[in-house]
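Report on the following structure.
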Amino acid sequence: MVGLNLTTALEQIKEEMRNRSSTEGDTIAKQGLMGSTLGGNDKPNPFSVILNSLSRLKEKREITQKELSRYNPPRPRSFSSAAVPEITDEDLRKFQSDARINPMNFSGSIIKERDLQESDIMKDVRADAAENFVEESQNGLMTKPTSSSQKEVLSNMGSDVNKATAYPIEIPTSTGVASNTYSRLELNNALDKSISNPFKKALLQGTMDIEVGNQGPVTESAYYRLSTARKMFNSASVNRALTSLSSADRQRANKNLPVEALGLALFDDVYDGGSNYRGRGLIQITGLSNYRAVQAKLAEDGINVDLVNKPELVNNTKYALPAALAFLDYAGLNDKTANTMSTKKLNNLINSGANAKIANERWDSVISALKSAGKKEEAADMALRNEYKAQKKVGVTQDGSIGPISRKAMLSWLDKKDVTVRPDSDDDMELVKLVNRTK
């Protein structure tokens, strides 16, 4: 790495933090650790500088997690005793405005511009400083000193869930729109900033494309036609739902008109916890047990939100992406498992009741997202990990489950194609990939 001596910079910044006055400590306490400048002047908040530097270095793989874990972020000596003033909406607006007008000027800092001139890391810091510090509102970092556990999370870069909280997927209210107005542009930005694993990002993007498309976080519609209900739910559930309807709604349903009461009755009959816990959010989290699990996962990352009593908060632009990532983590899709995912595994994770058509559409979206990210080789490999496609090629039922019948059919098909299979091979996915690779 050229231009920036990280070790020296760390020591200088820590020394500067130790020498700060209590007034500056109070300012940091009010502005929050992520504030970009101190005291309204051009001197940067050293914590913001170094945290962002470390983040960029980590993303560029120029330092390892082991090296990163040895760094303890600086703590202003006045922090523990500093009173935490009330932060008003006007304070927040002014602080955001000041940061946009006057981002990261190093002229007054102990770190000089000449020390940073060749550092892409610090260029990124300067460019991003204004947007990283004030994303939490009255319940976030802005109103209280960060705890030691929160600092530990920050210094270790935190989980994807934790990082996603810094990027609400909404149009900035400074543009004059109402708060909580979804923005696809901000979602894409949040995905890029929060998720470093390209497989995990593509899997989430592919899932969102099928579950909600461009709508953003939404609630599952309850307006069902009877013909659609019979395709989506078993006969017993549909008949029970019809019986529960009012005479007028039953007549409308029998005319195959969309009836909200029919959908709600089906949800009450089928979903864990009933219609209150129907699909919501970016990936349509469904069922009380899943809402409860996501709430617990968010709490592990210091995000306290009551999804059990207020399930509609899964649609809130502040929580939608963290909630989606928390669900994936709960379901077992993480950095270690993302690159071994397959069409059937993802279908089981998101909606095990979805048919082969939907599963394939979702997988195609995943592959498209990988290609868009420039990961063509990875996309080609993931395209082979499609159990439904392999079953179709060898002429068996396309349910995605590779059991004895599918295995036997694949081996027979490969034998007819004069493709040699290792006699000791018992890896079903290798068989699936071999079938899909063979013309």
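Every number here is computed from the coordinates shown, using simple stated rules; none is lab data. Predicted model, so just to flag it, every value in this text is computed and none were measured. Methodologically, a virtual Cβ is constructed for each residue, glycine included, from the backbone with ideal geometry; neighbour enumeration extends over all protein chains shown.
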inquiry  = If you scale each eigenvalue of the Cα gyration tensor by 5 and take the root, what three semi-axes come out for segment 386-439, rounded to whole angstrom and sorted largest first?
reply    = 15, 12, 10
message = Using only the Cα atoms of segment 215-318, what are the Rg and Dmax in Å?
response = 15.4, 50
remark   = Ranked on Cβ counts within 10 Å of their own Cβ, fewest leading, VAL177, VAL218 go VAL177, VAL218
note = When GLU220, GLU300, GLU377, GLU387 are arranged by how many other beta-carbons sit within 10 Å of their Cβ, fewest first, they go GLU377, GLU300, GLU220, GLU387
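Please compute the length gained on full extension between ASP364 and GLN215, using 0.36 nm multiplied by the number of residues separating them and subtracting their Cα-Cα distance. Present the calculation step by step, with values, prior to reporting the outcome.
Working: separation 149, 0.36 × 149 = 53.64 nm, distance 1.92 nm.
Length gained between ASP364 and GLN215: 51.7 nm.
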request  = Please name which of ILE405, VAL419, LEU431 has its Cα lying farthest along the dipole of segment 386-439 towards the positive end, using unit charges on Cβ (Lys, Arg +1; Asp, Glu -1) and the Cα centre as origin.
outcome  = VAL419
key: Residue order, fewest to most beta carbons within 10 Å, for ILE350, ILE402, ILE358, ILE285   = ILE358, ILE402, ILE350, ILE285
message = Between ARG292 and ASN334, how high is the FRET efficiency from 1/(1 + (r/R0)^6) when r is the Cβ-Cβ distance and R₀ = 25 Å? Nearest 0.05.
response = 0.80
query = Rounded to the nearest 0.05, what FRET efficiency do LYS417 and LYS357 have when you use their Cβ-Cβ distance and R0 = 25 Å?
reply = 0.40
key: Efficiency of FRET from Cβ geometry, ASN276 and SER247, R₀ 22 Å, rounded to 0.05   = 0.30
remark   = With a 20 Å threshold on alpha-carbon distance, the violating pairs from LYS344/LYS439; LYS357/LYS392; LYS357/LYS389; LYS389/LYS416; LYS389/LYS439 are LYS344/LYS439
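Between THR181 and THR228, what length comes free when the chain is fully extended (0.36 nm per residue of separation minus the Cα-Cα distance, one decimal in nm)?
Numbers: separation 47, 0.36 × 47 = 16.92 nm, distance 3.08 nm.
That pair, THR181 and THR228, stretches by 13.8 nm at full extension.
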